[in-house]
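Take a look at the structure set out below.
Please treat every number below as a calculation from the coordinates, not as lab data. Small disclaimer: the values here were computed from a predicted structure and weren't measured. Using ideal geometry, Cβ is built from the backbone for each residue, glycine included, and neighbour counts are taken over all protein chains shown.
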């Protein structure tokens, strides 16, 4: 242990020698100064000291001023003032300035030693208290981190867990924002954006990363053994980012990026240390959640069809709603119903019917992507969750599912009298509804709309667009030709106003009315609407050059009748009228029936060679 260092200050030489000899005999390291200025010099060059002993009455800088100057430099410096019996008031004033104690001349050896020992004892206690406080604070910090890490294991659902990990790491590192990519259960080498917290715009982040071809600086984390990385982006001076790898053993499960510390400083070694510590727990928690999800998927299977149960399906849809809301995405749900199913069941033994319905589920599964989810409502209805699919994509999937069943061996092997109709309906979040209950109710209505559709009543499911339009016009009331022009102008305006909505608008105005649509078409010039406008007309000049429209010859449509068909994220609409002059009344049929409009759009797209939903 090092010696206690004492600075003795007195203007009288004999007193300095007396103190130096006395204190050295007791084992202290002593330095003496002849005045306040010299003492301050020693403090500057050789300080700090464990104790300062100073006389009060000295020429130049007296003891009181020295106490004041010393305390200004170091408030914790212990100072003992020495004074005569008649000058006790001055000693008290010095203590008010910060002196620790005072002694009276002539100095008693034992009194001096007791005072020094008392001060040193209090100093040791103060240092021990500070050490214990620092240890306690460090322990509390580690304990808080441990509690936060344990909190990761309280959730076995990946989406809430991802948010909790981001929140916990942001709090522990004082980061303003964080983004977490986690491995997809169906494609472990693909990392999808799943957790976002703080000052981050999810719409500006990369939705998916390829673990085998990561861009810088992500790539460094893919190397085994690399747990963290602090970088300063070249494109944004003054910013720092902390990247953390989440692993289970050697497997990379996720990458977390933390940005911008709240105090504006850079991420340093302590941040990397706490980040790596929590990332270790987070990686294990993610591995547990993934394992639980795999077990959950196996345990929530319908025993007959091996599709998922309705309860599990609804739980997944609720999670999908939360995720879609956060990342401003869409998803769709498709329901397929076999109606009626009673005759099929009646003409089969239970084992045969089980095999038959399993074959139906297998046919539906062949159409779906690996990211989609198939669930059995009962033995005649199935639901499919289509991740990140809008209304147009859902319509394409729905038609493929229906066609797969209608062409399947299971359905074609039945007698015509037993063969059920394949009904289908689709809903999209958030375009159609924002809550699970509303989506389910709307889905039931869509199935009923399909059951009562004019297509089934007139048996027009396979008719070309010309046959469809002629069947509709045969029953159409009389109307004004001007109606079709007004609706075309309105829909063109909607395309411009709702540029973010994806859809398809077919316009066949007829040669006489095409020039009257010029203003509406010109309004689209320079814009990039997500609705494709298909103009079914002869191209006679270049006045529409630069307008985002697709020209198609009317010969392909197979009918001279003007028509409008809109199908997409907005309300469906179709209009067909007889090809007559602009004067007088003409047969005119228009409808908002989504089933009928969908059939018209897809059949027209097929006839015109315009792919829908790609």
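Per 5 Å bin, what is the whole-percent P(r) computed from every C-alpha pair distance within segment 186-233?
Percent of Cα pairs in each bin: 5, 16, 22, 27, 22, 7, 1.
Per DSSP H run of at least 4 residues, take -39500 (n - 2.57); add these up for the chain, divide by its residues and hand me the 222 nm value, nearest 500 deg cm²/dmol.
Numbers: 19 runs with 269 residues, N = 614.
One gets -14000 deg cm²/dmol as the mean residue ellipticity at 222 nm.
Taking the chain as the reference, fit the longest principal axis to its C-alpha atoms, fit the long axis of helix 482-497 to the helix C-alpha atoms, and give the angle between the two in degrees, 0 to 90, nearest 10.
Compared with the principal axis, the helix lies near 20 degrees.
Using the scaling law 2.2 N^0.38 Å as the reference, what is the normalised Cα Rg of segment 74-123?
Ratio of Rg to 2.2 N^0.38 Å for segment 74-123: 1.13.
For the peptides 25-36, 340-351, what is the packing order when you average, over each peptide's residues, the other Cβ atoms within 10 Å and list the highest mean first? Mind dumping the intermediate values first?
Working: 25-36: 16.7, 340-351: 13.2.
Result, highest mean first: 25-36, 340-351.
Give me the Kirkwood hydrodynamic radius of segment 171-213, using the inverse of the mean 1/r over all pairs of distinct Cα atoms, in Å to one decimal. Provide the component values of the computation, followed by the final result.
On the way: mean 1/r = 0.0887 Å⁻¹.
Averaging 1/r across every pair of different Cα atoms and inverting gives 11.3 Å.
If I histogram all Cα-Cα distances within the chain using bins 10 Å wide from 0, what percent of pairs lands in each bin?
3, 13, 15, 13, 13, 11, 8, 5, 5, 6, 5, 3, 1, 0
Quick one: if you stick a label point 7 Å off each Cα along the C-beta vector at residue 483 and residue 339, how many nm between them?
2.9
Using only alpha-carbon positions, what ratio does the radius of gyration of segment 451-547 give when scaled by 2.2 N^0.38 Å?
Working: Rg = 15.8 Å, N = 97, 2.2 N^0.38 = 12.5 Å.
Against the empirical 2.2 N^0.38 Å value, I get 1.27 for segment 451-547.
Of the DSSP beta bridges with both residues in the chain, give the percent that are antiparallel, rounding to the nearest 5.
Working: 66 of 93 bridges.
Percentage antiparallel, nearest 5: 70.
For segment 501-548, what does the relative contact order come out to in percent, with C-alpha contacts under 8 Å and a separation of six or more?
Numbers: 51 pairs, mean separation 25.9, N = 48.
So the answer I get is 54 percent.
With only alpha-carbon atoms counted, please give the Rg and Dmax of segment 5-125, in Å.
Radius of gyration, then largest Cα-Cα span, for segment 5-125: 12.8, 36 Å.
For the chain, what relative contact order do you get, as a whole percent, if you take Cα pairs closer than 8 Å and at least 6 residues apart?
This gives 7 percent for the chain.
From zero outward in steps of 5 Å, how is the percent of C-alpha pairs of segment 173-266 spread across the bins?
Using 5 Å bins, I get a P(r) of 3, 14, 24, 26, 20, 10, 4, 1, 0 for segment 173-266.
Kindly express, to the nearest 10 degrees and within the range 0 to 90, the angle between helix 13-25's C-alpha long axis and the longest C-alpha principal axis of the chain.
So the helix axis and the longest Cα principal axis differ by about 70 degrees.
Between residue 328 and residue 174, with labels modelled 7 Å along Cα→Cβ, what's the label distance in nm to one decimal, could you check?
If labels sit at residue 328 and residue 174, their model points lie 3.1 nm apart.
Let me understand segment 503-614 better: what is its radius of gyration from the alpha carbons, and its Dmax, in angstrom?
Considering segment 503-614 through its Cα atoms, Rg and Dmax are 13.7, 41 Å.
Using the per-residue mean of other Cβ atoms lying within 10 Å as a proxy for protection, in what order, highest first, do the peptides 239-247, 146-154 fall? Kindly include the intermediate steps, with their values, before the conclusion.
Numbers: 239-247: 22.2, 146-154: 15.0.
So the order, starting with the most tightly packed, is 239-247, 146-154.
To two decimal places, what compactness ratio does segment 302-452 give when its Cα radius of gyration is scaled by 2.2 N^0.38 Å?
Values: Rg = 15.3 Å, N = 151, 2.2 N^0.38 = 14.8 Å.
Expressed relative to 2.2 N^0.38 Å, the Cα Rg reads 1.03.
Say each of residue 84 and residue 463 gets a label point 7 Å from the Cα, pointing the same way as Cα to Cβ; how far apart are those two points in nm?
That separation, rounded to one decimal, is 12.8 nm.
What is the angle, in °, between the Cα long axis of helix 350-367 and the longest principal axis of the Cα atoms in the chain? Nearest 10 is fine, range 0 to 90.
Helix 350-367 sits at roughly 70 degrees to that axis.
Subtracting the Cα-Cα distance from 0.36 nm times the residue separation, let me have the gained length for residue 92 to residue 293 in nm, one decimal. The partial results should precede the final answer.
On the way: separation 201, 0.36 × 201 = 72.36 nm, distance 7.50 nm.
Stretched out fully, the residue 92 to residue 293 stretch lengthens by 64.9 nm.
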